[in-house]
Amino acid sequence: SGKWVKVMEIVRDFEEKCATPVSRLKQVSDAMIVEMHAGLASEGGSKLKMLISYVDNLPTGREKGLFYALDLGGTNFRVLRLQLGGRGRGILNQQFVEVSIPPNLMSGTSNALFDFIVAELAKFVSQESSDYEPNPGRPRELGFTFSFPVMQTSIASGTLLKWTKGFSINDAVGRDVVAELTEAMERHGLDMRVSALVNDTVGTLAGARFVNNDAVAAVILGTGSNAAYVERANAIPKWHGPLPRSGEMVINMEWGNFKSAHLPLSEYDLEMDAESLNPGEQIYEKVLSGMYLGEIVRRVLCWMAQEAAFFGDTVPPKLKVPFTLGTPAISAMHQDTSPDLKVVADRFKELFEISSTSLQMRKVIVQICNIVATRGARLAAAGILSILRKMGRDTIKDGEKQRTVVGMDGGLYEHYTKYRKCLEKCLNELLGEEVSETIALQLSTDGSGIGAAILAASHSRYH
Ligand code: ADP
Ligand code: MG
């Protein structure tokens, strides 16, 4: 019928605009490498900030004692305690709580956000079992994972450059986030020191290195997306400080803000961006991370409802509301293995009060999910390729059996199996079989928080 002709036309057109053939991915990767160089050359030289983390030594596995972490991501924050055994004994004990951030605090004041967080932290600290032994004669020490762009001034200080991922707390921008946290601790009478301020990518890399000496990069695929890797200190022209003894510096790329004419974007992406809190920014993040994938699918379906009467004569009102289709829902529908796509039917009933989906319609919905997830996963693979190329790990040097581990963290990568598999397959496709065998993507669940606690240990002021 006429409806289906129009529907398939919209799907085909969308698929074309989202296409990511290898040739395109190589162009994206080339462009990213150019930006990496520019961002390392000068402050403000690129959309890629390539931030200096002040982590010039990654964990060795000898870290010891009781340390805490606070991991503020986008959707939730986690508070952790780790008992580290020292010299190869790893993590003896670990505990965490996860708290979701009330939406009103995401656009309130800095004090309101940090007071809320510290209240949870104080509660967590007060409920400590005897399995954990505080380090005698020292205050408690904390690694603070803060997953927003920060210009660090030392390992334990840095000013917030901007918010991303739906946060907009204006009075915090330009302020030292460690000072904000410390002042909130003082307001609550909580005696704790912040020994390390780290981006989640840097935390994940540290956590991955703690368990595997071959870890040299980390990627976050959660609410947002970002990556960090180990750079040679003398390849960072904008660094004017003394060269670290290790000769290395971890760089927080802030790759979410990458943008290139080679990125395959559709009109749905452009509209979502235009209506977002940060138009024109975080474009790469907006095509591949968890906050946005579901929203892109919703926008396509909305257009199909309007232009092709996909759900009948009117557009179902609930379908018009932005961000009502989350990425966990599209992952569940995409991975629905039931013959009649029952998960899709159920979700549409629950979320949008649409109860009359035919099997043919459900198949189209799954197809849209597949297009969006495939594009995101393949573009993420192109990003990882860029890092490997920058580090010279995309080829096999004569006779060397160098192995490369990339630490991976984030709810999207962890839970969306089809996305993860697609990313892995695409990376193999880009690298070729021989090189692929030397590269391992290693899921480190909660690596961002664990790594921050370990960095607090290695940067302890009380050795
Ligand atoms: P954050 O990025 O806020 O630190 P997480 O790493 O836990 O937090 O990632 C949370 C994000 O992961 C969610 O916003 C969501 O987009 C995505 N996510 C969570 N569960 C799933 C799932 N089952 N399928 C797909 N994506 C998921
Ligand atoms: Mg996180």
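Coordinate-derived values only; no laboratory data. In this text, all values refer to a predicted model and were calculated from it rather than measured experimentally. Positions of Cβ are generated from backbone atoms using ideal geometry, with glycine treated the same way; all protein chains shown enter the neighbour counts.
Odds and ends about this structure:
- Descending by average beta-carbon neighbour count within 10 Å, the peptides 454-460, 49-55 line up as 454-460, 49-55, the highest first.
- Per-peptide packing, taken as the mean over residues of other Cβ atoms within 10 Å, places 147-155, 249-257 in the sequence 249-257, 147-155 from highest down.
- Pairs of Cα atoms nearer than 8 Å and 6+ residues apart set the relative contact order; for the chain it is 22 percent.
- Relative contact order of region 1-112, defined on C-alpha pairs under 8 angstrom at six or more residues apart (%): 14
- Under 5 Å between amide hydrogens, built in the peptide plane, is the criterion, and for residue 442 it picks out 406, 407, 408 among residues at least 5 positions away or on other chains.
- A cut-off of 5 Å between modelled amide H atoms, ignoring neighbours fewer than 5 places along the same chain, links residue 226 with 220.
- A protection proxy built from the mean count of other Cβ atoms within 10 Å ranks the segments 315-324, 279-288, most packed first, as 279-288, 315-324.
- Computed over the chain, the per-residue total of -39500 (n - 2.57) for DSSP H runs of n ≥ 4 gives a 222 nm mean residue ellipticity of -13500 deg cm²/dmol, rounded to 500.
- Cα lying deepest toward the dipole's positive end in region 238-397, options 322, 351, 256, charges on Cβ: 256
- When the convex hull of its Cα atoms is projected in every direction, mean area for the chain (nm²): 23.1
- Here the dipole of the chain is about 540 debye; that uses its Cα centre as origin and unit charges on the Cβ of Lys and Arg (positive) and Asp and Glu (negative).
- q = 0.16, 0.22 Å⁻¹: log10 I(q)/I(0) that the Debye formula gives for region 188-265, counting C-alpha atoms only: -0.77, -1.10
- Electrostatic dipole magnitude of region 172-241 [Cβ: Lys, Arg +1; Asp, Glu -1; Cα centre; debye, to 20]: 220
- Backbone geometry of region 296-313 corresponds, through the Karplus equation with coefficients 6.51, -1.76 and 1.60 at θ = phi - 60°, to 3J(HN,Hα) couplings of 5, 4, 4, 5, 5, 5, 4, 5, 5, 5, 6, 8, 10, 6, 4, 9, x, 5 Hz, x marking Gly and Pro.
- Amide H within-cut-off set for residue 95, under 5 Å, with H built and near neighbours excluded: 81
- Value of relative contact order over region 368-463, rounded to a whole percent, pairs C-alpha under 8 Å and six or more apart: 36
- Of the residues 412, 29, 72, the one whose Cα sits farthest towards the positive end of the charge dipole of the chain is 29 (charges of +1 on Lys and Arg Cβ, -1 on Asp and Glu Cβ, taken about the Cα centre).
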